[in-house]
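These notes are about the structure you will find just below.
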Amino acid sequence: MADRGRLARRTGRTLPAGLALLLCAAGCATPGGGRTTFHDPNMDFSLARSVAVLPFANLTTTAKAEERVRDVFMTMLQATGALYVLPPGEVARGVSRTSLPNPAAPTAEEVVRLARNLDVDVVITGSVLEYGEVRSASATANVVSVSAQMLEGQTGRVVWSSSATRGGIDAGKRIFGGGGEPMNVVTVKAVKDLLDRLFE
Amino acid sequence: MAATRQAVLLAALLVAGGAGGSTLVRAQDPVPIAVLPFEALSETVAPVTAIRGALVGRLAARGVPLLGEEALETFMRRHRVRYIGGLALETGRAFRSETGAGAVLVTSVDLYAEKDPPRLALTSRLISTGDRARILWMDSARMAGNEAPGFLGLGRIDDQKALRDRVIDRLADSLARHLSRGEGRPADAPARTRPPRRFLPRTSSRSPGIQSAGNGPVRIAVLPFSDDSTTRHAGEILFLQVLRSLVEAGSAEVLEPGVVREVLLKARLVQEQGPSIPQADLLRALLEVDVVLFGEVSEYIEAGAGTAEPEIEFLVRGIDTARRQAIWSSVSHGRGDDGVFFFDWGRVETAHELASELARGLIDRFLSSAKKPS
């Protein structure tokens, strides 16, 4: 009986404290602070029929990471059936003909010239921010972080921008260990997240 | 008796598959096959001459008529033939007119390991000579010493020579079977099984139909694969497996890589990320192809002593030259232990076998979209 009273007193103290902490945390959050996607409200995305995916920038230490992510991105984008994705050789020809100094980060004028040259409605650029294995104590896992932007071919302005991260070590892996998923699977998931955000 | 029948069938087959119209051989004559020196694509140094000698011996024992070594050497010296990975059109014509060879056997040693465990993989294809270099047959044979250890490891093979004999026997049997059967698949042949789900491309996109230039089957040219992996010749090995799967499927006309290479060199078509649309136009004009396939290997890890599972990742794209559009894009990825849960059941021992299965899965899915509109 005495035990039950002690338990009730303890619960009565911890529950309000927990609620107060939760309210504080919610108060610290800013509106839109967790968002990672920008959609231009003035852009009609259904009008975009063809796209040129430019070579991605590689900000990681893994060689060719940008090519791998771009390959998966192009294949999955084409698989949606929403847009016609130009073959990479054709994009390379356009890049060469328009003499883009840095195809991974073109200026608005360069985007307009390239889109006209390749006869595409939009151009997509991207960056691979993280690609490889992460370790924490005995746990290892693959992680991919990628961002992409869509630029309108007529004006060169950004109409969509988003980023996605997949993989890494969560609490479960930290406690129980494990090797995580293969790089290809993590990459496919990250790209799927990006495309979901594009078409949402 | 069987050898005579094989020689006659071979002659008929080569006449049918070779030059349209003018031919230098009559169907009753035994038409010899020229066995080119083997191409070494393995990471380790392989005794290619000894392996070739063994295959030549096995083919001769099965009654396959072969071009003499001296005649072959003289021809290769006279024409300065250095490329042994395929047959260029000019070389094919010269082979037919000067040596009388009705076909050329092109073989590569894709995998070779002496021990821990011994492994060997060969890929071979038979190409008709004359005015039209056409792939008549293509197959691979491979084996790893530990692939079927059986009870208490009694089935394990530790001797490379014993393993080599088995692999060469498989390849020679396959060719001899094809020659004695004639062209095409026999009516009573069992239906091809669909590749398991784990070997299908992880991501793929395709167009609903492919337009053909003529009335025949869809003509496909496979361009050399670029290689970003750390394994030497991984691009060539995967290229050959994709080619083999296409040839085996039989529903498309696959251009001989030697002919494609000749055109690429003459037209100076070099594009790291695959052909552009104007380049695809040029290939259509020069080779009359409906589809151009090209790819890139990003990972190719061969299982070895102490290392983990074999692992492969590659990408294949296709351009429809008539519509001037990208029609196919896929990313394939596989590991030797994918989908293996109990007692290594279904485990793939070598990257070469994994490449073969992934290529089969890829072509199965690709060809389902490449049916000609009726």
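The values are calculated or read from the model by the stated rules, or taken from the named source; none is laboratory data. Please read all numbers here as calculations on a predicted model, not as lab measurements. Because the Cβ atoms are built from the backbone with ideal geometry, glycine has one as well, and the counts that use them run over all protein chains shown.
Worth a mention:
- Check on residue A:69, β-branched (Val, Ile, Thr), part of a helix (DSSP H, G or I), surrounded by fewer than 24 Cβ atoms within 10 Å (Cβ to Cβ) and more than 10 Å from every other protein chain (Cβ to nearest Cβ): no
- Of the residues examined, residue B:337 is one that is without any contact (Cβ under 8 Å) to a residue 40 or more places away in the chain and either surrounded by fewer than 17 Cβ atoms within 10 Å (Cβ to Cβ) or in a loop (DSSP other than H, G, I, E, B) (or both).
- Of the residues making up the stretch B:315-326, those that are of a type in the set (A, V, I, L, M, F, W, C), more than 9 Å from every other protein chain (Cβ to nearest Cβ) and buried (at least 24 other Cβ atoms within 10 Å of the Cβ) number 1.
- Exactly one residue out of A:84, A:131 is over 19 Å from the mean Cα position of the chain (by Cα) and over 11 Å from residue A:54 (Cα atoms): that is A:84.
- Output for the stretch B:341-369, where each listed residue is within 14 Å of chain A (Cβ to nearest Cβ) and either within 24 Å of residue A:183 (Cα to Cα) or among the charged types (D, E, K, R) (or both): B:354, B:358, B:362, B:365
- Contacts under 6 angstrom Cβ, first residue in the stretch A:73-94 being more than 7 Å from every other protein chain (Cβ to nearest Cβ), partner crowded, with 24+ Cβ neighbours inside 10 Å and assigned to a helix (DSSP H, G or I), 6 or more apart: A:73/A:191; A:94/A:114
- Residue match in the stretch B:154-175 (condition: modelled with pLDDT under 95, on the phi > 0 side of the Ramachandran plot, of a type outside the set (Phe, Trp, Tyr) and touching a helix residue (DSSP H, G or I) at 6+ places or on another chain (Cβ under 7 Å)): no
- Scanning the stretch B:138-153 for residues that are on the phi > 0 side of the Ramachandran plot and in a helix (DSSP H, G or I) returns B:152, B:153.
- Per-region count, the stretch A:95-109, residues outside any loop (DSSP other than H, G, I, E, B) and within 12 Å of residue A:156 (Cβ to Cβ): 2
- As a summary of the residue check, residue A:38 satisfies the conditions (1) more than 14 Å from chain B (Cβ to nearest Cβ); (2) surrounded by 15 or more Cβ atoms within 10 Å (Cβ to Cβ); (3) assigned to a strand (DSSP E or B) except for the one numbered (2).
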